[in-house]
1. What does the charge add up to near residue 297, with Lys and Arg as +1, Asp and Glu as -1, over the other residues with Cβ less than 13 Å from its Cβ?
2. Using a simple charge model, +1 on the beta-carbon of Lys and Arg, -1 on the beta-carbon of Asp and Glu, nothing else, what dipole does the range 126-180 show about its Cα centre, in debye to the nearest 20?
3. Can you order the peptides 227-238, 165-176, 132-143 by their average number of other Cβ atoms within 10 Å per residue, highest first?
4. Note the per residue figure in Å³ for the convex hull of the C-alpha positions in the range 122-176.
5. Which order do the peptides 346-353, 248-255 take when ranked by the mean count of other beta-carbon atoms within 10 Å per residue, highest first?
6. Between residue 41 and residue 212, take the C-beta separation as r, use R0 = 30 Å, and let me know the FRET efficiency to the nearest 0.05.
7. Quick check: residue separation of residue 144 and residue 50 times 0.36 nm, minus the Cα distance between them. What number comes out in nm?
8. Note down the Stokes-Einstein diffusion coefficient of the range 171-261 in µm²/s, whole number, using a Kirkwood radius over alpha carbon pairs, 25 °C, and 0.890 mPa s.
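Nothing in this text is a laboratory measurement; each read-out follows from the coordinates by a stated rule. Everything quoted here is computed from the prediction, not taken from an experiment. When we count neighbours, we look across all protein chains shown, and the Cβ atoms used for this are built from the backbone with ideal geometry, even at glycine.
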Amino acid sequence: MNINKGQGSFAFGHAPLLIASHPNMAAYLSRLHHISLHVLNAEKIANDLVSKFKFNLFAARLTDTSRQLALRKGAAVFVVNERPDRKGLNEVRNAPASYPHRILVGKHAGGHQSRCLYDISPSSSVDTVSNVCFEVEDVERSFDALRDLGCNFLVPPTTVEDGNGRVTYSVLKSVVGNVCHTLIDRTNYKGAFLPGFDVLQKDCSLGEDDKSCPITHFDHITYACPRQTTQQVMRWYEHLFGFQRFFIDSNEDVDEGFVINQEGIGLRLTAMEYWKCSKAGITLPSLNKKEPDCKFVIAESLPEQGRNQVDTFLEKHRAPGIQHIGLYTKDIVSTSQIMAEAGVQFFSPPFAYYTEVGKQHEIEEAGHNPQILAQHGILLDTNLHQESSPQSRENRRYLLQVFTKPIFAEDTFFLELIERRGATGFGEGNIRALWRSVQAHMENEKLDYKEAGSPEAAAQTVQ
């Protein structure tokens, strides 16, 4: 494999210069295929996703040097990779220089002992979510176009084959910390997942999921980024993948994004989406085909209100990265109840949230019981700039959200449940309450930020 040393990379501070003369995107994304986690103990995280979050373990790749477990809930697929020790981190970078590389897997191929297929092992000392995999129509064309724009590829076009056909993929480094993107073409593959994986549940179709916990797909992915880097990240994704700006709030400033800078919260959120620019369009299932299936949100802290969880993430993760992922559910009350009974812990918003003037009436008008929402820590927001004309309860647009507590020991990643009833954005009231609940958790834990961010403390955490 050729790692293309000498090609320009899109590190912070360089992307605008490299992409300014290329108005058209280089890669056409057709759908989000899966998201990869790299953890010290894959079995534990996979077990939590199955027993607590009700995902199904449907495929696995186990070799002497790797452990990759694929879990699915609806169209949301996580691949949990067991991250190696430091000795194996340079495996991909020392590969042969020719491409495309071809790998034959299966019982007659002698197996393939590469440490990590369809991904790379990040040089991280903490558990991390570091790869968002997209399906594309032509991996080699995308590779050539993106490389010409200066993209840093960690894995060139590589074809993996078994008895069900072939899949071609490549891996490129994004502009955000340790986040990578695998570009994959599986149009010539008839298997249930990917070559090299043993399928454990052949008939694990989308329609067979537990109806009491109806998660259907990834709703959004949130990056935690350093201050003053949002515009650079936006430009990178716009020019390379055709992402477009999505306005969280109708009054949002084009340049400043959605800003909350009061009452102890200093936060800037800017969102983008890719469905409008895709040649084939998104094919993930959605309640409303006109809506995008997954948004990308960039979060950065503002200094005026002191430290917050974005700063803490950057310190403990030691780089920008994926802070949380929103899981879309058709019934957030049922889903959160099932998960809580299974051991999932949720953040509780400030008690004052449910006693705010008009909040109880707002919840009841949306057809929900305030006590039940409070019991599960679920937030509801209808303040989404509704049209001035009166709306019936059935046509009223709102959304419900709740955050889980971190699922990694290092507090570097958590999940969110979200249910949308006609609402495509994010409610300001919910954002305030959600982020304040995370902040309160950190303060209650009395984290020693300086000690937690030191290499010595991190080493003790993972031992």
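1. Working: positive: 245, 268, 295; negative: 219, 249, 252, 273, 300, 416.
For residues surrounding residue 297, the net value is -3.
2. Numbers: 4 positive and 9 negative charges, 43 e Å.
Roughly 200 debye for the range 126-180.
3. Working: 227-238: 18.6, 165-176: 22.8, 132-143: 21.1.
For the peptides 227-238, 165-176, 132-143, the packing ranking is 165-176, 132-143, 227-238.
4. Values: hull volume 6.2 nm³, N = 55.
Hull volume over Cα atoms, normalised by residue count, gives 112 Å³.
5. Numbers: 346-353: 17.0, 248-255: 12.6.
By packing density, highest mean first, the sequence is 346-353, 248-255.
6. Values: r = 28 Å, r/R0 = 0.95.
Once the sixth-power term is evaluated, E becomes 0.60.
7. 29.9 nm
8. Details: Rh = 17.4 Å.
Here the translational diffusion coefficient equals 141 µm²/s.
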